[in-house]
1. Can you tell me how many residues within the range 148-162 are farther than 20 Å from residue 36 by Cα and surrounded by 19 or more Cβ atoms within 10 Å (Cβ to Cβ)?
2. Given the residues 72, 31, 99, 61, which is the only one that is in contact with a helix residue (DSSP H, G or I) (Cβ under 6 Å, 6 or more places away or on another chain) and more than 23 Å from residue 329 (Cβ to Cβ)?
3. Of all residues in the range 185-199 being within 8 Å of the ligand (Cβ to nearest atom) and out of contact with any strand residue (DSSP E or B) (no Cβ under 9 Å at 6 or more places or on another chain), which is nearest to residue 248 (Cα to Cα)?
4. Taking residue 86, is it within 22 Å of residue 213 (Cβ to Cβ) and modelled with pLDDT of 95 or more?
5. Looking only at the range 27-36, count every residue that is surrounded by fewer than 24 Cβ atoms within 10 Å (Cβ to Cβ) and out of contact with any strand residue (DSSP E or B) (no Cβ under 9 Å at 6 or more places or on another chain) and tell me the total.
6. Residues in the range 151-163: is at least one assigned by TED's automatic domain parsing to the domain that holds residue 42, part of a loop (DSSP other than H, G, I, E, B), away from the ligand (no atom under 13 Å from the Cβ) and modelled with pLDDT under 95?
7. Tell me the residue from 332, 238, 285 that is surrounded by 19 or more Cβ atoms within 10 Å (Cβ to Cβ) and modelled with pLDDT of 95 or more, please.
Ligand code: AQP
């Protein structure tokens, strides 16, 4: 099927979030909120990365539920299924297939250097599986299948994008131009939201301490309580500084949610203590998320509708992805019969 002219001229975007927990304000600020801004300008593919999620042990029924929830969160945050291709990764088999091929073009040494692998293998020492190690090859497949020019992500994923670029270049040099070389796109604010329990660590949806993260679906009282209890230093001035990781993080969050610069935030709270500031951050975040939560609840109440969109999205994604895969199979020398 030929693409309409307007899609042919648009650059392509791909991004994803793993349904490994309820999505957090880190995922929101680092990724999904910015996807919204891109959907008009680009040809966008957004997927729920369930294949990635099983690199860490999941409870099957929970994973299934989280997959629906993540899909509904995407839409509740404003992603329009008419303008974007929204799909679930495991519904498009090309991801797993290309990942296998790319595994054979990704070096052991490269994978060993990945920070996420080191962090996650330390956190899950009982289950350091091969999938956790080769995760970046699957992520490269996600990106390269769609010829993505840009991949909007939080800072933690830049290293994986760098690796996807290296693998794509290696493949292109060995054969001929096959893959578009992707670039990471960082948000202006909120590229790295830190844990509320330990502000030297990234906020993660799978953190075992629920006080460490704020989920997009947390009720207002819970959000306010989590910010009230956020770990900060012993000072009282709302001002950024070295050794003030906690307050720096809260200023970043408030600034990302309000659009105010960190300097403006410091001025707004001059002379007020941490208590007043934490309350303001909690209320602002909760009030911004309230309409998202309302839309989410409505969507989750209509599963057949969500499933019809998942199906449509995966068919659309498959059409694009299968073209890239068959090109790759041809280049590496697999016999193809019609
Ligand atoms: N704390 C964060 N600040 C800014 N951006 C973030 N992202 C994740 N955490 C933050 C961005 O969200 C997108 C999806 O991430 P993912 O779910 O695929 O994997 P992740 O980066 O490992 O996210 P989590 O929440 O930490 O998941 P778990 O706990 O399962 O490992 C990416 O664009 C990421 O940059």
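1. 2
2. Values: 31 fails: in contact with a helix residue (DSSP H, G or I) (Cβ under 6 Å, 6 or more places away or on another chain); 99 fails: more than 23 Å from residue 329 (Cβ to Cβ); 61 fails: in contact with a helix residue (DSSP H, G or I) (Cβ under 6 Å, 6 or more places away or on another chain).
After applying the criteria, what remains is 72.
3. Here the residue is 190.
4. Values: within 22 Å of residue 213 (Cβ to Cβ): no; modelled with pLDDT of 95 or more: yes.
Taking the combined requirement at face value, the residue does not satisfy it.
5. The number of residues fulfilling the criteria is 3.
6. As a first pass, look at the range 151-163 and keep what is assigned by TED's automatic domain parsing to the domain that holds residue 42: 151-163.
So of that shortlist, the ones also part of a loop (DSSP other than H, G, I, E, B) come out as 153-154.
Adding the requirement that they be away from the ligand (no atom under 13 Å from the Cβ) leaves none.
Within the range 151-163, not a single residue is assigned by TED's automatic domain parsing to the domain that holds residue 42, part of a loop (DSSP other than H, G, I, E, B), away from the ligand (no atom under 13 Å from the Cβ) and modelled with pLDDT under 95.
7. Values: 332 fails: surrounded by 19 or more Cβ atoms within 10 Å (Cβ to Cβ); 238 fails: modelled with pLDDT of 95 or more.
Going through 332, 238, 285 in turn, just one is surrounded by 19 or more Cβ atoms within 10 Å (Cβ to Cβ) and modelled with pLDDT of 95 or more: 285.
Listed here are the residues, each with its yes/no results for (1) more than 16 Å from the ligand (Cβ to nearest atom); (2) in a helix (DSSP H, G or I).
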| residue | (1), (2) |
| --- | --- |
| 51 | no, yes |
| 70 | no, yes |
| 74 | no, yes |
| 87 | no, no |
| 95 | no, yes |
| 98 | yes, yes |
| 101 | yes, yes |
| 105 | yes, no |
| 119 | no, yes |
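The values are calculated or read from the model by the stated rules, or taken from the named source; none is laboratory data. From a predicted model like this one, the values you see are computed outputs, not experimental measurements. Note: ideal-geometry Cβ built from the backbone for every residue, glycine included; neighbour counts use all protein chains shown.
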